[in-house]
Each structure stands twice: as structure tokens, then as C-alpha cells.
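The values are calculated or read from the model by the stated rules, or taken from the named source; none is laboratory data. Since this is a predicted model, take the numbers as computed values, not measurements. Positions of Cβ are generated from backbone atoms using ideal geometry, with glycine treated the same way; all protein chains shown enter the neighbour counts.
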Amino acid sequence: MKFSKILLATAAVATAAAVAAVSLTACSKSEEVVSDSDYLNKVSQYGVWKNTAQTSIPIYQTYHHVHDFLDACTIENGSAVAPNGKIRKVLFLGFDGMRADALPVILQTGAKVANNSKTGVSGISALQQAGGLYLAYCGGETNTDTQQTTSTSASWTTHFTGVWGTQHGIKTNDDAKNLDHKTFMLEYAQQGLSTSIAFDWDQYFDVNLKEEIKYVMANPDVDMTFCDIDRAKAEKLKKTYAETLELYNYVAPETPSDSAPYDTGMRDYVLQRIENGDDIVCGIFHNIDSAGHEYGFGTSTQYNGAVMNCDLYAYSVLQAIEAREQTENEEWLIVFANDHGGLGTGHGEQTLEERTTWIATNVPFSEEYYSDGYDGFNVK
Ligand SMILES: [Zn+2]
């Protein structure tokens with residue numbers, strides 16, 4: 001009798017401790033998900049990559065990849081003309097927050113069969129077949145000066161400028177890019193091409209790229225378009241990070257997209273820019289990242305659903321470009337990439353799940369852009 005009372009009391013204490021432990025972990029958000037030290041190794045075994053984990057490409061090489069393609073041209077009368085007489089153009093589509101281990105949702109990896117590529121409607125698979133799919137990394141070199149957050153602003157800007165945030169000025173989402181390192185969209189607009197960048201995230205225009213926007217506003221002959229696709233023009237500056245009403249309205253489209261939350265808004269905007277004749281078109285799909293923050297990166301049904309959708313939208317854009325190449329004497333460099341991964345419902349830190357990224361392109365990367373001896377955090 002006495003003994004069983006003690007047991008009951010002990011059980012009650014244990015239950016209370018268990019409840020306390022659960023409450024603690026519930027408060028600490030993504031900390032409860034532990035990073036897998038074998039993540040990069042596992043991802044590298046998919047059999048879909050042109051390079052290896054050890055030769056993962058730092059994301060700043062996207063900029064140089066674009067330069068190689070366009071700098072082989074003569075830019076005259078607002079067009080980049082290749083030695084073969086074709087007009088060269090560039091499409092960059094961002095898959096915000098799409099972890100590398102979400103690729104098996106759409107690609108054939110070993111014996112695993114995935115829908116989009118099986119039915120022949122996968123954008124990423126089409127680029128993989130045409131050029132290649134590459135393991136890459138964001139976040140700078142861990143524990144060195146170049147370390148930067150595995151975040152949206154720092155990463156996309158690194159893709160666009162060819163350098164880490166130590167040089168372009170953005171290491172966190174709150175930083176503004178300097179004008180010492182321009183995006184390739186601005187550089188080629190200054191040379192006479194028509195370029196555009198579209199996103200549906202206010203911060204990227206109001207804070208991160210504001211100096212470029214001011215520069216283009218002051219130089220109207222530079223044909224670069226910035227568009228926050230779901231922004232409505234305002235009469236008064238309300239709660240925003242934009243410095244002025246003029247800046248706020250400058251990046252708003254004539255008609256804001258009401259389908260931005262499903263990424264079809266971005267697909268349609270990008271298709272419209274292509275149709276309008278832009279030479280460089282950049283657009284970022286946002287909702288894989290949104291699903292990650294809400295339901296979990298790389299694990300939730302909602303996240304995988306967003307991956308499948310964006311991949312289908314990207315395929316629609318590829319078809320539009322393919323049609324133009326048949327009729328318009330154009331040849332396109334196409335790059336699809338993510339900015340960062342995620343762990344639990346967050347990102348920004350230096351885990352393998354957040355740092356490991358991917359780049360797909362229809363023109364193979366020069367091997368000179370491969371890193372050497374990358375271990376998931378640093379190069380040799
Ligand atoms: Zn992001």
C-alpha cells in the first residue's frame with residue numbers, strides 16, 4: 001500500500017517534468033529539430049547532380065555564369081548579339097526556401113518516381129536534362145568574415161552581384177546593398193538592355209535594393225524595372241520601411257496581382273515581361289518559403305505541394321521561352337535556384353539543411369566555378 005503510493009507520487013512528478021519539457025521545446029520554435037550531420041552526404045547521393053558535395057558551387061557564381069553568357073555578345077541597339085547572330089537573353093527564377101532534399105518530390109532519384117518529371121512537366125527536370133543540376137551553398141564560409149545569414153536578402157543579392165555580403169553590404173534581411181556591387185540586371189541595363197526583377201516581398205525593395213532603385217529613378221534612360229507584384233499604389237505613406245511615398249509607389253505595378261499568394265501571380269508577371277521583350281527577366285517564387293515557415297521546411301505536405309506547384313509554373317515559363325526561340329532568333333540562358341534551405345520552421349543559421357542549396361541551368365557551369373574540398377561549411 002505504502003509502496004504503491006510512492007510509485008504514484010513518483011509518476012506524478014515524472015508526468016509534471018514531461019509536461020514542462022514539452023512546453024519548453026514548444027516555445028523554442030525550430031530548436032527542437034536537430035540538424036542531421038549527414039544531410040549533405042545524403043543529398044549528394046541522389047544521382048541528379050553534375051558536381052559533387054566537395055565541389056559545391058558558392059551561389060555568387062550565378063552572377064559570373066550570367067556574365068560569361070552575355071559578355072560573349074556585342075551589345076548594340078539595345079540587344080546582346082552573340083557571334084552566331086542570335087539575340088541572347090537571360091531568365092532567372094528563384095525558388096525561395098526550397099531545400100535540396102525537396103528535389104526528390106519532383107525528380108527521379110534512384111528508384112523513387114516523382115510526379116512532375118514522370119509526367120514530363122517539371123521545369124527543374126527540363127533544365128537538368130538540358131544543362132545540369134548543381135549542388136551549391138549559401139551563408140558564406142562558416143566562422144570567417146564572409147559568413148552571412150542563410151536568409152533571403154543576403155542570398156539573392158549574392159546570386160545577383162557575384163560577391164558575399166561582406167562586399168555587397170547585405171548580411172541580414174535588414175541591410176541595404178551598396179552601389180559598389182551592382183546586380184547584373186542593373187549592370188546590363190546601364191549597357192542598354194531592358195531588365196527586370198520581380199518579387200512579392202516588400203523588404204527586398206524598400207530596404208535591400210533601395211539604392212539601386214533610387215539610382216534608376218534618377219537615371220530614367222536605364223531600363224530596369226523593379227516590381228513588387230502584389231503592391232497597390234498608395235496615396236499616403238503608411239506603415240512601411242520605404243523611405244518616401246515616391247519610392248513606395250515606384251515599385252508598385254499598375255494592377256497589383258491578387259494571385260501572388262499562389263505564385264501564379266509571379267508566373268504570369270514573368271510571362272508578361274518575356275512577352276514585352278525584356279532581355280533579362282528575374283522573378284522569385286515566394287510560397288515554398290511561406291509554407292516552410294508555417295508548416296516546416298522539407299517535411300510538410302504543404303511545403304512539398306508548393307514545390308510541385310512552383311516547378312509546374314517554371315515549366316510553363318520554359319515553354320514560353322522555347323516558343324520564342326523557334327520564332328524570334330533568340331537564345332536564352334535559364335537559371336533556377338533557391339536562396340537558402342531551412343530547418344524546422346526557420347532559417348538563417350549555419351546548419352547543413354539551411355546552407356545546402358542547388359542551381360539548375362540549361363547551360364552547364366564552367367568547372368572553374370566549382371569549389372574545392374567543400375565540407376558543408378568551408379572550402380579547403
Ligand atoms: Zn528566402
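Look through the range 293-315, keep the residues that are within 18 Å of the chain's Cα centre (by Cα) and among the small types (Gly, Ala, Ser), and return whichever of them is surrounded by the fewest Cβ atoms within 10 Å (Cβ to Cβ).
Residue satisfying both the conditions and the ranking: 305.
In the range 287-314, what residues are outside any helix (DSSP H, G or I) and of a type in the set (Val, Ile, Thr)?
299, the sole residue that qualifies.
Please find, among 327, 345, the residue that is out of contact with any Gly (no Cβ under 9 Å at 6 or more places or on another chain), modelled with pLDDT of 95 or more and of a type outside the set (Lys, Arg).
The conditions single out 327.
How about the range 102-203: which helices (runs of 4 or more DSSP H) wholly inside it have at least 1 residues that are within 15 Å of the ligand (Cβ to nearest atom) and of a type outside the set (Ser, Thr, Tyr)?
Qualifying helices (runs of 4 or more DSSP H): 152-161, 165-168.
In the range 352-370, how many residues are surrounded by 21 or more Cβ atoms within 10 Å (Cβ to Cβ), among the β-branched types (Val, Ile, Thr) and more than 16 Å from the ligand (Cβ to nearest atom)?
1
Among the residues of the range 206-238, count how many are under 13 Å from residue 253 (Cα atoms) and crowded, with 18+ Cβ neighbours inside 10 Å.
The number of residues fulfilling the criteria is 7.
For the range 267-279, indicate whether the set of residues that are touching a helix residue (DSSP H, G or I) at 6+ places or on another chain (Cβ under 8 Å) and either within 14 Å of the ligand (Cβ to nearest atom) or farther than 23 Å from residue 187 by Cα (or both) is non-empty.
For the range 267-279, residues touching a helix residue (DSSP H, G or I) at 6+ places or on another chain (Cβ under 8 Å) and either within 14 Å of the ligand (Cβ to nearest atom) or farther than 23 Å from residue 187 by Cα (or both): present.
In the range 315-351, what residues are away from the ligand (no atom under 15 Å from the Cβ), within 30 Å of residue 272 (Cα to Cα) and part of a loop (DSSP other than H, G, I, E, B)?
328, 329
Going residue by residue through the range 232-251, is there one that turns out to be assigned by TED's automatic domain parsing to the domain that holds residue 80, out of contact with any Cys (no Cβ under 8 Å at 6 or more places or on another chain) and within 16 Å of the ligand (Cβ to nearest atom)?
No, the range 232-251 contains no residue that is assigned by TED's automatic domain parsing to the domain that holds residue 80, out of contact with any Cys (no Cβ under 8 Å at 6 or more places or on another chain) and within 16 Å of the ligand (Cβ to nearest atom).
When you check residue 288 against the structure, is it within 16 Å of the ligand (Cβ to nearest atom), crowded, with 24+ Cβ neighbours inside 10 Å and assigned by TED's automatic domain parsing to the domain that holds residue 342, yes or no?
yes
Please find, among 275, 322, the residue that is assigned by TED's automatic domain parsing to the domain that holds residue 335, free of Cβ contacts under 8 Å to residues at least 12 places away in the same chain and not polar (S, T, N, Q).
The match here is 322.
Residues 172, 152, 166: which one is assigned by TED's automatic domain parsing to the domain that holds residue 47 and over 17 Å from the mean Cα position of the chain (by Cα)?
Residue meeting the stated conditions: 166.
For residue 97, indicate whether it is surrounded by 23 or more Cβ atoms within 10 Å (Cβ to Cβ) and away from the ligand (no atom under 16 Å from the Cβ).
Spelling it out, it is not the case that residue 97 is surrounded by 23 or more Cβ atoms within 10 Å (Cβ to Cβ) and away from the ligand (no atom under 16 Å from the Cβ).
Taking the condition free of Cβ contacts under 8 Å to residues at least 40 places away in the same chain and not acidic (Asp, Glu), does residue 226 pass?
It is true that residue 226 is free of Cβ contacts under 8 Å to residues at least 40 places away in the same chain and not acidic (Asp, Glu).
Any idea which of 99, 88 is in contact (Cβ under 8 Å) with a residue 40 or more places away in the chain and more than 22 Å from the chain's Cα centre (by Cα)?
So the residue among 99, 88 that is in contact (Cβ under 8 Å) with a residue 40 or more places away in the chain and more than 22 Å from the chain's Cα centre (by Cα) is 88.
Hey, any hits in the range 328-350 for a residue that's over 26 Å from residue 281 (Cα atoms) and of a type in the set (D, E, K, R)?
yes
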